[in-house]
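Chemist: Before I ask anything, let me first share the structure, which is written out below as structure tokens.
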Amino acid sequence: MYNDRPNRVLLLHGGDLTDTGNVESLLKAETSVHPVVVSFQSIIDGLDAEEFACTIWCVDQIGAKELGRLKILRTVLPQMPIIVVARHAEAEQAASAVALGVQEILALESTDRQTLLRAIHCAIKRKCLQDRGDEHLAQLQGIFESALSALVSIDEEQRILLANPAAEKVFGKAASELVGLSLYDLMPKRLHEAHAKRMRTFFDSGEQELRIGKTAKATCLRADGQEFPAEMFITANRTGSRRLFTVVIRDLTDEMRMDETARQSQKLEAIGRLAGGVAHDFNNLLTVIIGYSDMLFRNQELPESARHMIKEIREASNRAATLTRQLLAFSRSDLQKFETIDLNAVVRDVHKMLSRLIGEDIQLIVALEEGVKPIKADRGQIEQVLVNLAVNSRDAMPDGGKLTIETKNVVLSGDSPIDGLAPGNYVLLSISDTGVGMDAETQERIFEPFFTTKEPGRGTGLGLSTVYGIVKQSGGAIKVHSEPNRGTTFEIYFPPQRSVTRTLRRDSSIFPSPNKAETILLVEDEEQLRRIGRVVLESQGYQVLEASCGEEALRISEEFSRPIDLLLTDVVMPHMSGRVVADKITKQRPGIKVLFVSGYTDDAIIRHGVLQQEMPLLSKPYTPSALTRKVREVLESASESAQ
């Protein structure tokens, strides 16, 4: 029974109400059953039979007419258990009735109350079991259909019997197309022999499961012939005497791409750290070279030919310093130093580097409109935008071509909105190439991090996403125009500014002199840098105390009896950073001023607690005049604050 309440039973009369009444009287005394007498016509008319547990049909005999009505009943009540109570039932007609779904046929003359109740309860019980079985099958079907991994069922000949929607998606075939195929059809022919050997071993071993591709990845085949890495997990099960197998196929394409992306990110991070370290060491060397060449150039007694050679050394050193700064742009963090800059000047500054970067087989054309308005951005990051886009264009022109960089003032109207920019005046930076171009699908994804169309090992997929981030952080927008085999144009729009931030240029031959005999504590772990720093400062009348490390600086500060006016310290040093040295010495000497020096990237300086506006910083490489000017600036700021 379904529950503790009486089971409602349809008592269907077949025309003889006397027989129906006799059956009804047998059930009236039974509390577990509640009979409801209805006519056949009421069933046809749409009686709501859902609340009834079974149907008892009273007939005189089972003939052609009754069998016809049974067919109708089965159509109207497909899940309802039916019990027939008949006066006469030939064996052949009874068999036909059972074939139509009648669960039991009772002879009216020999049917008592117990027999009738037993038949009703058996019918209800079978119905419950059937409902549970249907529900279980529905649950299994739901699991099979909703599984994220591809599932196929195969027999011992490896023929596919079932396939779920995930398998359709993975292999690019409808389930109806997959059914009947062999598992061999889902993998390249070159792997068939190895797979056959592996499966024979599995079948013969009697083991219940087999995993393929856990250590060495398996390879499967899509409908279009494309191969993809996969992992197969095969489990055995029996249905009666038949041995079947369930195959779980996991597409590893995205997983392996993510692994490769992680490796590329780690490689990029390592390159960034290497670039920062190389730039630091290179900046130290350049500081020494620039320092001594400037000191020599000031010697008016040298012959003109020697002065000319020294001038060449200085110019080469300055170019090297520019390259170092551009190298640091690749390894710096997201820190931005916004200033109002001349976009044309930035393009001119990187022109030579871009020419070397793209190679001789690509013609670089620069068309800069005069009077282009200034923009507010990080100069180093705008250089990075130009480099990234130039590299992207170079890779799109393997056989050579043209790369064109243009700037101009433009006006955007309301009819041509670009990435949410309001109508008005903008500065346009355009980078165009004559390369292979892109289709619409590729253009939709080009700014996604790690998306790349390049061959493995030739790109990280971060170049254009970095460009997009820099442009957006600068308040601008970027738009791409491209067609296959028609080249690509990137248009970058920046909001204009009123004027360029100008830095006061001083004659490099002018060395500010100290107001008095001031003392400077110079802390630098590189001996050559300490030496040139001491030479420059002492030449200007300063008294210089040298320390090769933080511990030595603390000892000198503690033992030196006279005032020390300035602590000049490198930021990144072994054992004790410049910031720690400064903190300790300012506690010993509260009035001392501090000037930090570094050749590292901004993020390294931040990690060492520097790069705040109130902390003076001199970047390497620096000229002797830049050093003495910054020293004078810091010392004079001390006297001004004391007034």
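The values are calculated or read from the model by the stated rules, or taken from the named source; none is laboratory data. Note that the structure is a prediction, hence the values are computed from the model and not measured. Note: ideal-geometry Cβ built from the backbone for every residue, glycine included; neighbour counts use all protein chains shown. The area values use the complete protein model at the heavy-atom level, side chains included, leaving out ligands, DNA and RNA. Shrake-Rupley method; radii C 1.70, N 1.55, O 1.52, S 1.80 Å.
Chemist: Between a first residue in region 312-327 that is under 15 Å from residue 279 (Cβ atoms) and β-branched (Val, Ile, Thr) and a second residue that is modelled with pLDDT of 85 or more and open to solvent by less than 50 Å² (accessible area, probe 1.4 Å), which pairs have beta carbons less than 8 Å apart while being 6 or more apart in sequence or on different chains?
Modeler: Close Cβ pairs satisfying both conditions: 324/286.
Chemist: Which of the numbered conditions does residue 171 fail, given that it passes all the others? Conditions: (1) open to solvent by 80 Å² or more (accessible area, probe 1.4 Å); (2) over 20 Å from residue 236 (Cα atoms); (3) modelled with pLDDT of 90 or more.
Modeler: (1)
Chemist: On to the next question. If we scan region 415-426, do we find a residue that is modelled with pLDDT of 85 or more, within 28 Å of residue 349 (Cα to Cα) and either crowded, with 20+ Cβ neighbours inside 10 Å or of a type outside the set (S, T, N, Q) (or both)?
Modeler: yes
Chemist: Scanning for something surrounded by fewer than 16 Cβ atoms within 10 Å (Cβ to Cβ) and within 24 Å of residue 258 (Cα to Cα), does region 203-210 turn up at least one residue? Explain how you work it out, then say what you get.
Modeler: Initially, region 203-210 is screened for residues surrounded by fewer than 16 Cβ atoms within 10 Å (Cβ to Cβ), giving 203-209.
Those left that are additionally within 24 Å of residue 258 (Cα to Cα): none.
Checking region 203-210: not a single residue is surrounded by fewer than 16 Cβ atoms within 10 Å (Cβ to Cβ) and within 24 Å of residue 258 (Cα to Cα).
Chemist: List every residue pair whose Cβ atoms lie under 8 Å apart, where the two residues are 6 or more positions apart in sequence or sit on different chains, the first residue falls within region 45-62 and is closer than 18 Å to residue 103 by Cα, and the second residue, located anywhere, is among the aromatic types (Phe, Trp, Tyr).
Modeler: Correct list of pairs: 53/2.
Chemist: Here are 162, 221, 148, 186: which of them is touching a helix residue (DSSP H, G or I) at 6+ places or on another chain (Cβ under 9 Å) and exposed (fewer than 14 other Cβ atoms within 10 Å of the Cβ)?
Modeler: After applying the criteria, what remains is 148.
Chemist: So in region 438-450, with the set limited to residues that are surrounded by fewer than 18 Cβ atoms within 10 Å (Cβ to Cβ) and out of contact with any Leu (no Cβ under 8 Å at 6 or more places or on another chain), which one is modelled with the lowest pLDDT?
Modeler: Across region 438-450, the extreme among qualifying residues is 448.
Chemist: Could I ask something else about it? List the number of the failed condition for residue 454; all other conditions in (1) farther than 17 Å from residue 435 by Cα; (2) at pLDDT below 85; (3) open to solvent by less than 80 Å² (accessible area, probe 1.4 Å) hold.
Modeler: Result: residue 454 fails condition (1) only.
Chemist: Out of all the residues in region 12-27, which are open to solvent by 60 Å² or more (accessible area, probe 1.4 Å) and at pLDDT 75 or above?
Modeler: Across region 12-27, the qualifying residues are 22, 25.
Chemist: Please determine whether any residue of region 263-280 is at pLDDT 80 or above and open to solvent by 70 Å² or more (accessible area, probe 1.4 Å).
Modeler: No: region 263-280 contains no residue that is at pLDDT 80 or above and open to solvent by 70 Å² or more (accessible area, probe 1.4 Å).
Chemist: Let me ask you something else. Select from region 139-185 the residues that are over 18 Å from residue 195 (Cα atoms), in a loop (DSSP other than H, G, I, E, B) and either free of Cβ contacts under 8 Å to residues at least 40 places away in the same chain or not polar (S, T, N, Q) (or both) and list them in ascending order.
Modeler: Listed by number, the residues that qualify are 147, 148, 164, 172, 173, 174, 179, 180.
Chemist: Oh, and also: Where residues in region 472-487 are of a type outside the set (A, V, I, L, M, F, W, C) and open to solvent by less than 10 Å² (accessible area, probe 1.4 Å), which of them is nearest to the chain's Cα centre (by Cα)?
Modeler: Start the filter on region 472-487 by keeping residues that are of a type outside the set (A, V, I, L, M, F, W, C), which leaves 472-476, 479, 481-487.
After this cut, where a residue has to be open to solvent by less than 10 Å² (accessible area, probe 1.4 Å) as well, the list is 476, 487.
Working: 476: 24, 487: 28 Å.
Once the filter is applied, the top-ranked residue is 476.
Chemist: Further question: Assess whether residue 394 counts as being under 30 Å from residue 321 (Cα atoms) and either surrounded by fewer than 19 Cβ atoms within 10 Å (Cβ to Cβ) or out of contact with any Asp or Glu (no Cβ under 6 Å at 6 or more places or on another chain) (or both).
Modeler: Spelling it out, residue 394 is indeed under 30 Å from residue 321 (Cα atoms) and either surrounded by fewer than 19 Cβ atoms within 10 Å (Cβ to Cβ) or out of contact with any Asp or Glu (no Cβ under 6 Å at 6 or more places or on another chain) (or both).
Chemist: Check residue 599 against each of (1) surrounded by fewer than 17 Cβ atoms within 10 Å (Cβ to Cβ); (2) within 52 Å of the chain's Cα centre (by Cα) and name the one condition it does not meet.
Modeler: Of (1) surrounded by fewer than 17 Cβ atoms within 10 Å (Cβ to Cβ); (2) within 52 Å of the chain's Cα centre (by Cα), only one is false for residue 599: (1).
Chemist: Are there strands (runs of 3 or more DSSP E) fully within region 302-400 with at least 2 residues that are at pLDDT below 90? List them.
Modeler: Where strands (runs of 3 or more DSSP E) fall fully within region 302-400 and carry at least 2 residues being at pLDDT below 90, they are 338-341, 375-378.
Chemist: Select, from 567, 537, the only residue that is of a type outside the set (D, E, K, R), open to solvent by less than 10 Å² (accessible area, probe 1.4 Å), under 30 Å from residue 294 (Cα atoms) and not in a helix (DSSP H, G or I).
Modeler: The unique qualifying residue is 567.
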